[in-house]
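Step one of this worksheet: look at the structure below.
The values are calculated or read from the model by the stated rules, or taken from the named source; none is laboratory data. The shown structure was predicted, so the numbers you read here are calculated from the model rather than taken from an experiment. No Cβ is skipped: glycine too gets one built from the backbone with ideal geometry, and neighbour counts run over all protein chains shown. We work out accessible area using only protein heavy atoms, side chains counted, and drop any ligands, DNA or RNA first. Shrake-Rupley method; radii C 1.70, N 1.55, O 1.52, S 1.80 Å.
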Amino acid sequence: METPSVPLAIWLMAAFDPILILVAGYLGWKADQLGKLFIAAMAALVVAVLAAWAITAMGLPWIAPIGDDHPSLLPVRTLGALVWASAAYGVRRMSQRA
């Protein structure tokens with residue numbers, strides 16, 4: 001049995017999913033405590049995965065599709081959501097200091 005290989009471009013597309021970026025950025029911006037970033041990342045992950053699954057199920061092209069013949073790459077999406085939420089949280093905190 002051969003181990004499946006996923007190209008790096010697919011991994012990057014999962015982390016740069018537009019819905020993931022928008023939701024994680026918004027929730028990260030609204031977070032008022034560092035601990036809420038994990039909640040924001042998980043919520044963004046759920047919304048992005050469900051939206052990508054729905055878009056793929058309708059047969060529409062999507063940058064990071066999810067389906068039977070596409071990998072979901074949940075660890076990459078989770079890390080991406082945490083990075084995007086943290087970036088928005090950091091930008092907001094820095095903008096409040098000025």
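What the table below lists for this structure:
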read-out	value
Rounded D (µm²/s) - the range 1-94, Kirkwood Rh over Cα pairs, Stokes-Einstein at 10 °C, 1.306 mPa s	117 µm²/s
Qualifying chymotrypsin sites (Phe, Trp or Tyr not before Pro) in the range 12-98, DSSP loop, other Cβ atoms within 10 Å at most 14	Phe16
The chain - percent of accessible surface contributed by carbon and sulfur, probe 1.4 Å	72 percent
Computed [θ] at 222 nm, helices only, for the chain once each DSSP H run of length n ≥ 4 contributes -39500 (n - 2.57)	-23000 deg cm²/dmol
Estimated vicinal HN-Hα couplings, Hz - the range 28-33 in sequence order (Karplus 6.51, -1.76, 1.60; Gly, Pro = x)	x, 5, 7, 5, 10, 9
Accessible solvent surface per residue of the chain, calculated while the other protein chains remain in place, 1.4 angstrom probe, Å²	66 Å²
Inter-label distance for Trp53 and Ser72, nm, one decimal - labels placed 7 Å from Cα along Cα-to-Cβ	0.6 nm
Cα long-axis angle, helix 36-57 against the chain (0 to 90 degrees, to the nearest 10)	30 degrees
Angle in degrees between helix 74-97 and the longest Cα principal axis of the chain, rounded to the nearest 10	20 degrees
